[in-house]
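K.L.:
What follows is a structure written as structure tokens; I'll ask about it next.
No lab work stands behind these numbers, since they all come straight from the coordinates. What you are looking at is a predicted structure, and each value in this text was computed from that prediction instead of being measured. Using ideal geometry, Cβ is built from the backbone for each residue, glycine included, and neighbour counts are taken over all protein chains shown.
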4 protein chains.
Amino acid sequence: MRAAREQVAALHTELVRYGLVVWTGGNVSGRVPGEDLFVIKPSGVDYDVLAPEDMILCTLEGEVVAGSLGSERSPSSDTAAHAYVYRNMPEVGGVVHTHSTYATAWAARAEAVPCVITAMADEFGGEIPVGPFAIIGDDSIGRGIVATLTGHRSRAVLMQNHGVFTIGKDARDAVKAAVMAEDVARTVHIARQGGAPVPIPQDAIDSLFDRYQNVYGQNPEGSLA
Amino acid sequence: MRAAREQVAALHTELVRYGLVVWTGGNVSGRVPGEDLFVIKPSGVDYDVLAPEDMILCTLEGEVVAGSLGSERSPSSDTAAHAYVYRNMPEVGGVVHTHSTYATAWAARAEAVPCVITAMADEFGGEIPVGPFAIIGDDSIGRGIVATLTGHRSRAVLMQNHGVFTIGKDARDAVKAAVMAEDVARTVHIARQGGAPVPIPQDAIDSLFDRYQNVYGQNPEGSLA
Amino acid sequence: MRAAREQVAALHTELVRYGLVVWTGGNVSGRVPGEDLFVIKPSGVDYDVLAPEDMILCTLEGEVVAGSLGSERSPSSDTAAHAYVYRNMPEVGGVVHTHSTYATAWAARAEAVPCVITAMADEFGGEIPVGPFAIIGDDSIGRGIVATLTGHRSRAVLMQNHGVFTIGKDARDAVKAAVMAEDVARTVHIARQGGAPVPIPQDAIDSLFDRYQNVYGQNPEGSLA
Amino acid sequence: MRAAREQVAALHTELVRYGLVVWTGGNVSGRVPGEDLFVIKPSGVDYDVLAPEDMILCTLEGEVVAGSLGSERSPSSDTAAHAYVYRNMPEVGGVVHTHSTYATAWAARAEAVPCVITAMADEFGGEIPVGPFAIIGDDSIGRGIVATLTGHRSRAVLMQNHGVFTIGKDARDAVKAAVMAEDVARTVHIARQGGAPVPIPQDAIDSLFDRYQNVYGQNPEGSLA
């Protein structure tokens with residue numbers, strides 16, 4: 001549990017480093033291995049001062065665990081959405097939410113990012129899809145994420161008019177998906193400003209996705225999809 | 001008063017961190033609690049060397065308080081506009097002015113930023129409005145800010161051909177509004193480059209604004225609006 | 001002379017800080033007060049390692065002063081252009097050249113940046129003009145700068161297909177002009193992407209320029225123009 | 001060999017500094033002087049922790065040298081492409097691959113970057129060409145790079161739908177080409193957003209390229225082309 005707190009606290013600095021968040025926006029959570037619990041960022045706290053002990057321990061129903069370290073604070077206002085994902089996607093070990101600029105720009109148009117660069121095929125296996133318009137207050141954001149990503153290769157979903165949610169086998173994998181989602185959303189946006197990108201044949205997309213999930217890196221372990 | 005000087009000096013580094021200012025442009029001021037006074041940045045001084053003792057103490061008429069710390073220097077050339085806001089909007093505790101890129105680009109077209117992302121609904125409760133063309137030399141900038149923001153949910157106003165002014169319950173709140181105004185001005189600009197954004201229904205905007213002002217963060221205290 | 005070396009060396013870090021240069025591109029020079037000499041960056045040297053003793057002392061004919069500190073190195077390949085400016089514009093104390101992105105983009109189209117934001121009126125007194133296409137090898141770049149800026153309010157000129165040159169009363173003033181030129185070139189570019197900016201009336205431009213040159217900052221001293 | 005490891009490890013920080021890479025994407029390799037060997041980045045390792053001893057020594061067939069330092073790790077997944085270049089272009093001493101945003105945007109449209117700014121004429125001697133669509137799995141990426149760049153002045157090639165590969169007389173020269181390729185891809189993209197750039201006459205391009213390859217910097221040594 002200590003390790004989960006440390007990892008999730010540290011991963012928030014990656015959101016800052018890659019320019020995915022401003023002020024106190026955005027949040028990372030990670031499942032506690034072997035427990036029906038996850039840790040998540042507190043609501044409205046500066047990234048500069050987030051320490052492991054500030055992370056808040058929650059049940060899969062999104063309730064703060066009474067008496068746990070940090071439990072006197074309010075968890076991220078997106079906690080219910082994270083909890084819904086953990087309850088309904090047992091293979092997910094990490095969830096990230098940001099309003100990163102380019103991903104959110106596609107989301108504002110409710111337009112999926114088309115797969116026209118090989119890095120997207122590698123990482124997402126095709127387009128980054130759009131989820132429904134849903135606002136905070138019930139399970140509608142969580143339901144939209146789960147409905148869109150279940151059975152989809154992509155670990156990222158653009159929630160309409162809102163921003164991006166990503167999932168991963170652990171919190172680090174979800175943060176990587178958030179970084180890559182913004183990177184490809186930006187590149188494809190800029191590509192389209194100059195004219196129509198060349199499509200990538202579906203069999204090439206399939207081949208790139210398969211290889212990347214199984215060969216890339218030092219310890220390939222397969223993907224969520 | 002010392003605390004006001006320290007807070008206002010420190011907040012200027014946030015303008016630099018978020019890329020809202022270049023060279024010596026931009027300024028933050030904060031009302032001194034319980035006094036008819038505010039502190040503001042000196043004119044044309046590097047951000048690298050701004051210390052609490054450099055902040056300049058002014059009356060609500062925009063006059064430097066004779067004999068006060070730093071009073072041998074000239075205050076920001078926008079001091080009259082800040083003073084006009086404090087005189088006419090007693091609920092305002094902080095004012096920020098920048099020429100941040102995307103906000104100023106909308107201002108150059110005299111076009112309000114439409115509310116097509118939920119973060120705008122949260123933070124501004126709708127569009128970011130445009131104020132009149134007004135140049136330095138009398139109260140016309142201050143009057144334009146007050147006329148535009150009085151009774152408006154937005155804490156940010158795009159002054160035509162000029163830049164953005166933001167207000168807040170305190171200086172930090174006004175800086176947050178400046179950061180968020182640039183962030184949403186950028187995201188909506190980029191969204192529109194790829195086609196028409198999907199509108200957000202008014203009742204959803206109302207609901208998001210209401211919730212964000214009353215629930216978000218560790219100590220929700222309601223908004224100015 | 002030592003002070004001139006230190007100032008010019010230090011000012012190069014501002015080019016890096018504001019993202020105006022990549023690799024070893026760009027250069028700053030400063031006139032040595034009271035002498036027919038100036039100091040300039042060496043050619044093709046990393047910004048990370050530029051020290052005062054690396055600056056190269058040149059005559060107003062652009063020749064390295066034999067035996068001076070650093071004289072074993074080649075000066076910037078733009079030295080002839082800087083020298084031409086110092087010979088022909090005695091009021092100029094500093095010159096800067098960069099290929100900063102947005103200024104160079106306007107230069108590639110040979111299009112002046114129109115004055116549609118008040119910060120441009122303040123700093124440049126109107127549009128940023130375009131100079132001729134000229135390539136390295138003789139005095140044609142220097143002649144183009146001088147011909148375009150003589151009698152013009154602007155301290156910046158976009159050399160067609162090339163980049164931007166700025167002048168100032170000293171090296172710091174020329175660096176400020178380079179920073180502001182890129183900032184306004186970017187803002188006006190982005191403004192135009194969304195539609196036509198609103199023009200600023202000429203009398204307002206005149207009034208803003210006059211005031212900024214004579215009132216802004218702690219020690220207003222008038223401008224070059 | 002130690003020097004090659006140190007140089008290649010250190011050069012990866014330049015990719016980060018200039019924003020050419022995110023997460024673990026991108027790679028630099030350098031030929032070991034006097035040997036039929038090169039060193040390259042390991043696959044999927046964070047830029048923050050890349051040390052000289054992590055670089056992987058490979059033969060010109062792209063095989064890891066058994067028993068060499070770091071040989072227990074997998075080399076970059078682009079190793080086969082680097083090896084193909086070294087086998088077939090003996091004058092090449094360094095190879096770099098990135099998915100930098102603007103270069104990749106042009107690549108997604110299979111569109112060469114036209115030479116409309118003098119910095120491109122200096123550095124690339126004309127346009128940056130496009131290579132074929134090719135995916136990982138055989139020599140097709142390496143063949144595409146070599147076929148496109150052989151006899152071409154440009155040290156950069158945009159591989160369709162993929163990213164950019166650059167070559168140099170050594171690893172540092174290839175990194176410089178990667179930095180400059182992104183810089184000019186960005187500037188020309190932005191120039192075109194505002195209208196048609198002015199073409200540069202071919203004789204001026206030739207003259208600029210010739211001069212830059214032979215005169216610029218402290219120790220001009222000619223170019224690869």
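K.L.:
Only four residue types carry charge here, +1 at the Cβ of Lys and Arg and -1 at the Cβ of Asp and Glu. Report the dipole size of the range B:2-214 about the Cα centre in Debye, rounded to the nearest 20.
P.N.:
For the range B:2-214, the charge dipole is close to 320 debye.
K.L.:
At 222 nm, what helix-only mean residue ellipticity would chain D give, in deg cm²/dmol to the nearest 500, using -39500 (n - 2.57) for each DSSP H run of four or more?
P.N.:
Taken over chain D, the calculation gives -12500 deg cm²/dmol.
K.L.:
Can you give the mean number of other chain Cβ atoms that lie within 10 Å of the Cβ atoms in peptide D:23-32? Each step should come with its number before you reach the end.
P.N.:
Values: counts 9, 4, 6, 0, 0, 0, 0, 0, 0, 0.
Mean shielding count: 2.
K.L.:
On a C-alpha basis, how far is the centre of the range C:66-121 from the centre of the range A:1-33 in Å? Whole number, if you could?
P.N.:
Rounded to whole Å, the Cα centres lie 44 Å apart.
K.L.:
Same structure again: For the range C:2-214, give the share of DSSP beta bridges that are antiparallel, in percent and rounded to the nearest 5; count only bridges with both residues there.
P.N.:
Within the range C:2-214, antiparallel bridges account for around 90 percent of the total.
K.L.:
Can you give the average number of partner chain beta-carbon atoms within 10 Å of each beta-carbon in peptide A:193-201, as a whole number?
P.N.:
The mean count of partner-chain Cβ atoms within 10 Å per residue comes to 6.
K.L.:
Which of the three applies to the protein assembly as shown, rounded, prolate or oblate, going by the alpha-carbon gyration tensor with a ≥ b ≥ c and a/c under 1.5 meaning rounded?
P.N.:
oblate
K.L.:
Under a GNM of chain B (C-alpha, springs under 10 Å), which listed residue has the highest mean-square fluctuation: B:213, B:202, B:193?
P.N.:
Largest GNM mean-square fluctuation: B:193.
K.L.:
For residue B:147, place a label point 7 Å from Cα along the Cα-to-Cβ direction in every copy; what are the distances to the other copies, in nm, shortest first?
P.N.:
4.7, 4.7, 6.7
K.L.:
Please count, across the protein assembly as shown, the pairs of lysine residues with Cα atoms under 26 Å apart that sit 8 or more places apart or on different chains.
P.N.:
16
K.L.:
Give the nm distances, rounded to one decimal, from residue B:51 to the matching residue in every other copy, measuring between label points 7 Å along Cα toward the beta carbon; shortest first.
P.N.:
In nanometres, ordered from closest: 2.9, 2.9, 4.2.
K.L.:
Looking for one value pair here: nearest-to-axis residue in chain D (by Cβ) for the rotation onto C, and the distance in whole angstrom.
P.N.:
D:193, 5
K.L.:
Would you tally the net charge around residue A:53, using a Cβ to Cβ cut-off of less than 11 Å, leaving residue A:53 out, and scoring K and R as +1, D and E as -1?
P.N.:
Values: positive: A:2, A:5, A:73; negative: A:6, A:54.
Result for the neighbourhood of residue A:53: +1.
K.L.:
Related question: For residue D:13, which inter-copy label distances result when the label point lies 7 Å beyond Cα on the Cα-to-Cβ vector, reported in nm to one decimal and in ascending order?
P.N.:
1.6, 1.6, 2.3
K.L.:
What's the average, rounded to a whole number, of partner chain beta-carbon atoms within 10 Å of each residue's beta-carbon in B:40-47?
P.N.:
Average neighbour count from other chains, rounded to a whole number: 2.
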